[in-house]
Amino acid sequence: MSLGRNKKCHCGSGKKYKNCCLQKDLEQKRVEEAEARLRAVTDSEEPEKYEENEAPKFPTWKIFAIGTAVLAVVGIFIYLVGFPRLGGSIFGAGMLILIMYCAFRNEPTVRKRPGDAGNIDFGNRQ
């Protein structure tokens, strides 16, 4: 049963429904719908499954530490051989490549829950 906005309120206050309980009822309806959507999403999600033989990734910090050490040794060797500019340039360029690799080696995570920033729709769908 739906009440008209200008009818008397169902709570018995004698006021019009729109001036009494309409906002509370609308808010309650929004909360119930949001809870139902959240339950539907969380109930339908299956836990992530990983392959049993999946090899663990080498940690990024180890790659960075080893790469920096190798670049430092190569740069110092070239410097001591008599090419100081070349040694510094190789070290600098190598560090730049190493930093870029470490920054972008992992894929971004995809979030499946509603309200996460990963689910923002920018209207690009075709």
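The values are calculated or read from the model by the stated rules, or taken from the named source; none is laboratory data. Small disclaimer: the values here were computed from a predicted structure and weren't measured. No Cβ is skipped: glycine too gets one built from the backbone with ideal geometry, and neighbour counts run over all protein chains shown. Note: areas computed on protein heavy atoms with side chains; ligands, DNA, RNA excluded. Shrake-Rupley method; radii C 1.70, N 1.55, O 1.52, S 1.80 Å.
Some observations on this one:
- Consider region 1-19 and keep the residues that are out of contact with any strand residue (DSSP E or B) (no Cβ under 8 Å at 6 or more places or on another chain) and either open to solvent by 80 Å² or more (accessible area, probe 1.4 Å) or in a helix (DSSP H, G or I) (or both). The one that is modelled with the highest pLDDT is Asn19.
- Some residue of region 43-63 being surrounded by 10 or more Cβ atoms within 10 Å (Cβ to Cβ), more than 21 Å from the chain's Cα centre (by Cα), at pLDDT 75 or above and in a loop (DSSP other than H, G, I, E, B): yes
- Against the criterion of being part of a helix (DSSP H, G or I), over 30 Å from Asn6 (Cβ atoms) and modelled with pLDDT of 85 or more, Gly87 qualifies.
- Residues located in region 20-37, provided they are among the hydrophobic types (A, V, I, L, M, F, W, C) and not in a loop (DSSP other than H, G, I, E, B): Cys20, Leu22, Leu26, Val31, Ala34, Ala36
- Residue satisfying condition, being at pLDDT below 80 and surrounded by 13 or more Cβ atoms within 10 Å (Cβ to Cβ), within set Leu71, Leu22, Leu38: Leu38
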